[in-house]
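The values are calculated or read from the model by the stated rules, or taken from the named source; none is laboratory data. For clarity, every value in this text was computed on a predicted model and none was experimentally measured. Methodologically, a virtual Cβ is constructed for each residue, glycine included, from the backbone with ideal geometry; neighbour enumeration extends over all protein chains shown. When the accessible area is computed, the model is the full protein with side chains, heavy atoms only, and any ligands, DNA or RNA have been set aside. Shrake-Rupley method; radii C 1.70, N 1.55, O 1.52, S 1.80 Å.
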Amino acid sequence: MSTSHHPPDPEELRALAVHVAAEAGELAAEGQRGVTVLDTKSSPTDVVTKMDRAAEELIRTRLLQARPDDAILGEEGGGESGTSGVRWIVDPIDGTVNYLYGSPDWAVAVAAEVDGRVVAAAVNVPSRGEMFEAVLGGGARLDGVVLRAPDAVPLDRALVATGFGYFPERRAQQARVLLEVLPRVRDIRRRGSAAVDLTGLATGRCDAYYERGLHPWDWAAPGLVASEAGVRVGGAGGGPPSGDLVIAARPELYEALDRLLAPLGADTDG
Ligand code: LIP
């Protein structure tokens with residue numbers, strides 16, 4: 001069934017995202033035990049397993065079966081163009097290092113973008129049995145229940161999640177930033193998955209999140225879940241999320257964290 005010649009219905013895109021994220025999550029969960037490193041990407045610590053590739057392959061196949069004219073951008077397989085105006089942004093396993101070590105914090109993230117805006121999303125956290133879903137302007141849900149992020153807390157009482165990149169120079173800069181952040185907040189969490197962190201803002205598992213050096217597949221789907229739950233999700237200098245910076249929190253806390261981070265400067269490239 002192809003809906004690609006009609007204006008895309010975000011609810012239909014969400015349903016498809018949920019469907020493929022569920023199937024890919026099941027496949028990845030079955031393959032987690034005993035999984036090993038298949039290859040490395042940007043640096044020796046940036047690993048890929050055969051399940052990252054298998055899950056992405058499954059997602060691509062299912063999406064193109066349902067909507068053959070859509071474009072796809074995936075973490076493992078790169079970009080494929082389309083003609084329908086819909087682009088899927090896919091992270092088959094976000095938190096691959098956790099996945100490799102048998103930890104529960106990894107997720108399958110599938111987002112649909114129309115005219116450059118993410119309009120529908122699914123984030124499946126199989127080890128927790130959680131399926132997050134969202135539609136632009138239509139709210140976010142966890143296992144069918146509407147999500148509303150808890151109110152902001154002051155910065156000095158905020159549990160702040162962050163992450164570190166795969167390049168040594170970037171990590172050294174991230175450590176310098178952390179030196180300024182850590183004494184000013186309740187505590188820091190480094191879970192190893194931007195998708196788990198961002199969806200965690202919607203459920204109140206943490207209060208704020210920031211990270212530099214991410215890719216669109218890291219924030220596309222979970223960013224919509226967070227923003228539809230009332231979280232502000234942005235980037236450097238008041239702009240949208242980008243590889244430079246993703247920052248997310250309820251608005252008042254967002255501003256305080258942004259003020260703290262802004263003078264600490266951009267990362268070393270890489
Ligand atoms: C991961 C991100 C995480 C970041 C890691 C890595 P991957 O994605 O979700 O926030 O700190 O360095 O980029 O590589 O597991 O898909």
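Could you give me the residue pairs with C-beta distances under 6 Å whose first residue belongs to region 156-176 and is within 14 Å of Ser193 (Cα to Cα), whose second residue is surrounded by 19 or more Cβ atoms within 10 Å (Cβ to Cβ) and of a type in the set (Ser, Thr, Tyr) wherever it lies, and which are 6+ apart or on separate chains?
Qualifying pairs under 6 Å: Ala161/Tyr209; Thr162/Tyr210.
Filter region 146-166 down to residues that are modelled with pLDDT under 95 and within 10 Å of the ligand (Cβ to nearest atom), then give me how many there are.
So the answer is 2.
Picking from Arg189, Arg141, which residue would you name as being open to solvent by 30 Å² or more (accessible area, probe 1.4 Å) and within 16 Å of the ligand (Cβ to nearest atom)?
Among Arg189, Arg141, only Arg189 is open to solvent by 30 Å² or more (accessible area, probe 1.4 Å) and within 16 Å of the ligand (Cβ to nearest atom).
Looking at (1) touching a helix residue (DSSP H, G or I) at 6+ places or on another chain (Cβ under 6 Å); (2) open to solvent by less than 20 Å² (accessible area, probe 1.4 Å); (3) of a type in the set (A, V, I, L, M, F, W, C), can you tell me which one Leu27 breaks?
Failed condition: (2).
For residues that are in a strand (DSSP E or B) and among the hydrophobic types (A, V, I, L, M, F, W, C), tally how many sit in region 41-69.
Summing the residues that are in a strand (DSSP E or B) and among the hydrophobic types (A, V, I, L, M, F, W, C) in region 41-69 gives 2.
Mind telling me which of the residues Gly223, Gly138, Gly165 ends up being closer than 25 Å to Arg87 by Cβ and in the same structural domain as Asp52 (by TED's automatic domain parsing)?
Values: Gly223 fails: in the same structural domain as Asp52 (by TED's automatic domain parsing); Gly165 fails: in the same structural domain as Asp52 (by TED's automatic domain parsing).
Only one candidate qualifies: Gly138.
Does region 168-219 hold any residues that are basic (Lys, Arg) and closer than 22 Å to Pro92 by Cα, and which are they?
Result: Arg190, Arg191, Arg212.
Taking region 57-83 as the search range and keeping residues that are open to solvent by less than 20 Å² (accessible area, probe 1.4 Å) and over 20 Å from the mean Cα position of the chain (by Cα), which one is nearest to Val118 (Cα to Cα)?
The extreme case among them is Asp70.
Just one of (1) open to solvent by less than 10 Å² (accessible area, probe 1.4 Å); (2) under 21 Å from Arg259 (Cβ atoms); (3) within 16 Å of the ligand (Cβ to nearest atom) trips up Val196, so point out which.
Just one mismatch for Val196, condition (2).
Identify the residue in region 99-137 that is open to solvent by 30 Å² or more (accessible area, probe 1.4 Å) and within 12 Å of the ligand (Cβ to nearest atom) and, among all such residues, is nearest to Arg232 (Cα to Cα).
That would be Ser103.
Across region 199-221, which residue is farthest from the ligand (Cβ to nearest atom) among those that are over 22 Å from Glu113 (Cβ atoms) and small (Gly, Ala, Ser)?
Looking at residues that are over 22 Å from Glu113 (Cβ atoms) and small (Gly, Ala, Ser), I get Gly204.
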